[in-house]
Amino acid sequence: MIQTADGLVHITYTWKRIKVKHVIVDPAKLALREMVNGEWPQ
């Protein structure tokens, strides 16, 4: 995982060691939501 100068986060991983996946995440588009009673929000 790296963050480039433009702020995007690039993640590379393997799926079952068969395929390689590259995902780009824009942190500016993420929305924080509070966990209630230790459960993931819906």
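Any read-out appearing in this document is the output of simple, stated calculations on the displayed coordinates, not a laboratory observation. Just so it is clear, the model here is predicted, and its values are computed rather than measured. With ideal geometry, Cβ positions are generated from the backbone for all residues, glycine too; neighbour counts draw on all protein chains shown.
For the chain, the Kirkwood hydrodynamic radius from C-alpha pairs, put into Stokes-Einstein at 4 °C and a viscosity of 1.567 mPa s, yields a diffusion coefficient of 102 µm² per second. Computed from the C-beta positions of K16 and V36 and an R0 of 25 Å, the FRET efficiency is 0.15 to the nearest 0.05.
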